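Only the coordinates and a few stated rules stand behind these numbers; no lab work does. Please read these numbers as outputs of a predicted model, since none were measured by experiment. Note that each Cβ is placed from the backbone with ideal geometry, even for glycine, and that neighbours are counted across all protein chains shown.
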Amino acid sequence: AGVAGYRDGVNDAATNSARTRVAAVNTQRAYIVTDLQAANWESALARCQYVATLQPGDPNISKCIQDSQQALNATATPTQSPTSLPPTQVPATVSNVTAQANPTATTNGSTTFDPQEWYARAQEEVRNGHLEQAKDLLEAVHDTDPTFNQKEVESALCSTYESLGNQYDNEGRLSEMVIVIKKAIKLSCRLTPNKNWPFTINAAQLYLDAKAYLDAGNYRLASIVFRKLMALTTSYQRTFELGCQAFAKAGDADSLAASKQYNCP
């Protein structure tokens, strides 16, 4: 999955126009943030290296490359199991790729921490339907002062995480969905049972890994992961369509058997 960034950018950069190159860079920067937050170091490294070829000398991209390489050197890179990510933390410098998400509260022009103000702002953002802004504010309160209205803040975070998870799932923003629901699980949130979030997360991770291998042209690994996914479900996103493509392109005995098993066209 670490080379998936190249495929996303190559099509965008097919022409030499400056407008196309800018669009490619902006697209990759959005993906980079998601990869770094998910500790998907291989993919982040590939994306940052690609952006560096379009905009050389960007210090934030250079830092991204350095941090990703350090993280890969410090942790085992998954090879046999493409569906797991090492439990590493995002380096503090990673936030330099984009502006900080968490807000800064100010009173009379001076920077201060006022948990009551931040919490009130978060509630207002929820009422206005601005869930991502609410999440940032609630996380800022919880991370800075975990004892402040702990029960209420964590309850609001749980509700916001699940609402965003549903939103991202419906919009096909699977990486972001996985991130917020994993945060909810880490917080021991009581999530809606009929959604079966553990299954949804597992399916999403398998789907993302399998699709990344397919996009990168690694049909053997794509076939392996799609077989794992299709043993669970064939109806998630474009699993059946892409799985059948992977089986046909891999062409090995196991892939051909899977193609026959699932009645691929």
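Which entries in Lys195/Lys260; Lys186/Lys211; Lys183/Lys249; Lys182/Lys228; Lys186/Lys260; Lys63/Lys249 show an alpha-carbon gap greater than 29 Å? Walk me through the numbers before you get to the answer.
Working: Lys195/Lys260 31 Å; Lys186/Lys211 27 Å; Lys183/Lys249 37 Å; Lys182/Lys228 21 Å; Lys186/Lys260 40 Å; Lys63/Lys249 37 Å.
Going by Cα-Cα distance, Lys195/Lys260; Lys183/Lys249; Lys186/Lys260; Lys63/Lys249 fall outside the 29 Å limit.
From the C-alpha gyration tensor of the range 151-246, pull out the three semi-axes of the equivalent ellipsoid (sqrt of 5λ each), sorted largest to smallest, in whole Å.
Each semi-axis is √(5λ); the values are 29, 12, 10 Å.
What distance in nm separates the two pseudo spin-label positions at Asn194 and Thr53, each 7 Å out from Cα along the beta-carbon direction?
Result: 4.9 nm between the two label points.
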